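Step one of this worksheet: look at the structure below.
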Amino acid sequence: EEKKRLSYQQKFEQAQHSVSKKLLETALAKESNLIASADVTTTKELLELAEKVGPHIIALKTHIDIISDFDYQNTIIPLKEIASKHKFLLMEDRKFADIGNTQELQFTSGVFRITDWADFVTSQVIGGFESLDCFKNVGVVAIIGMSSKGTLTSNNYREEALKIALSHPNVIGGVSQNPIPEEILLFTPGVNLADSGDGKGQQYNTPEHVFKTLHTDFIIVGRGIYKSENPEQAASQYKSAGWNAYLTSL
Ligand code: 6AU
């Protein structure tokens, strides 16, 4: 018999970090495990997408440095309002990858001031354990293994990366295409119902596949939603597909 996964309720009860608790609580309340990736390049598109997909998602993932007309007042303030209205978290996919001191500057300074608005961020762990100390007020999702063809995140790298992720108190989860221990949450990008790749190295799986084989917690969907003709409807479809796949994997 296949090993059973822990439910969101069980994970909520054992969660230590306030951001893990918030994510799991939101998942249970909205019956959603969907994170929409807003890889759009203007403030208008970002806010419109957030408004449309907001009811269906537990978090909106940004690459804030691709917004051409970024302006804290006009981009972040309304984004935070939409997030609080629709009750989703903000995940900045910055993938920090430097020494602790530089990451601290990138996190707190510049025009983006990520520390002031993100609920959680992604970070590589290539800089070692102490490089993650600067993310005190947010949750960190550690990049354990990437979804792209030819990634250098080998078995050995993933094993060492996991040791850092599991032992660092700021880390709430990991991005991976492989199963990880249940003490931290698993975030899986590279999810698409229609495509198997993008011709640029991305490799896609279905929600069914990632819940069944990886016991993932949260699916991250970018182009499957924001490139769709009807992003609101697509978000609703991915939400149902993800939730049903979760229930089936219990
Ligand atoms: O669904 P897509 O392919 O349009 O978008 C996938 C999103 C992009 C990537 O930057 C991100 O997920 N991503 C990540 C993350 C979330 O850290 C890691 C990875 O290995 N692969 C990946 O696609 O915004």
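No value in this document is a laboratory result; all are computed from the given coordinates. Just so it is clear, the structure is predicted and the values come from calculations on it, not from any experiment. Cβ placement follows ideal geometry from the backbone for every residue including glycine, while neighbour counts extend to all protein chains displayed.
So here's what we get for this one:
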| read-out | value |
| --- | --- |
| Single residue of SER32, SER37, SER68 found to be in contact with a Pro (Cβ under 8 Å, 6 or more places away or on another chain) and among the small types (Gly, Ala, Ser) | SER37 |
| Scope the range 89-106; condition within 25 Å of LEU24 (Cα to Cα) and in contact with a helix residue (DSSP H, G or I) (Cβ under 6 Å, 6 or more places away or on another chain); matching residues | LEU90, GLU92, PHE96 |
| Meets criteria (touching a strand residue (DSSP E or B) at 6+ places or on another chain (Cβ under 7 Å) and either under 15 Å from ALA27 (Cβ atoms) or within 12 Å of the ligand (Cβ to nearest atom) (or both)) for TYR204 | yes |
| Test: residue in the range 104-120 that is away from the ligand (no atom under 14 Å from the Cβ), of a type in the set (Val, Ile, Thr) and over 19 Å from the mean Cα position of the chain (by Cα) | yes |
| Which numbered condition GLU81 fails, given (1) farther than 18 Å from ASP119 by Cα; (2) free of Cβ contacts under 8 Å to residues at least 12 places away in the same chain; (3) of a type outside the set (Ser, Thr, Tyr) | (1) |
| Selection status of THR213, without any contact (Cβ under 8 Å) to a residue 40 or more places away in the chain, within 11 Å of the ligand (Cβ to nearest atom), among the hydroxyl-bearing types (Ser, Thr, Tyr) and farther than 23 Å from TYR226 by Cα | no |
| Residues being of a type in the set (Ser, Thr, Tyr) and surrounded by fewer than 21 Cβ atoms within 10 Å (Cβ to Cβ) - total across the range 180-223 | 4 |
| LEU247 vs. criteria closer than 28 Å to GLN9 by Cβ, exposed (fewer than 15 other Cβ atoms within 10 Å of the Cβ) and not hydroxyl-bearing (Ser, Thr, Tyr) | yes |
| Criterion: without any contact (Cβ under 8 Å) to a residue 40 or more places away in the chain and either within 16 Å of the ligand (Cβ to nearest atom) or surrounded by 14 or more Cβ atoms within 10 Å (Cβ to Cβ) (or both) - qualifying residue of LEU23, LEU60, LEU34, LEU89 | LEU60 |
| Qualifying residue in the range 229-244 (condition: within 16 Å of the ligand (Cβ to nearest atom) and surrounded by fewer than 16 Cβ atoms within 10 Å (Cβ to Cβ)) | yes |
| Test: TYR226 is at negative phi, touching an Asp or Glu at 6+ places or on another chain (Cβ under 7 Å) and within 13 Å of the ligand (Cβ to nearest atom) | yes |
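Here is a yes/no grid of residues against (1) over 18 Å from the mean Cα position of the chain (by Cα); (2) more than 19 Å from SER20 (Cβ to Cβ); (3) assigned to a strand (DSSP E or B); (4) more than 15 Å from the ligand (Cβ to nearest atom):
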position: LEU46; (1), (2), (3), (4): no, yes, no, no
position: LEU49; (1), (2), (3), (4): no, yes, no, no
position: PRO55; (1), (2), (3), (4): no, yes, no, yes
position: PHE70; (1), (2), (3), (4): yes, yes, no, yes
position: PRO78; (1), (2), (3), (4): yes, yes, no, yes
position: ALA83; (1), (2), (3), (4): no, no, no, yes
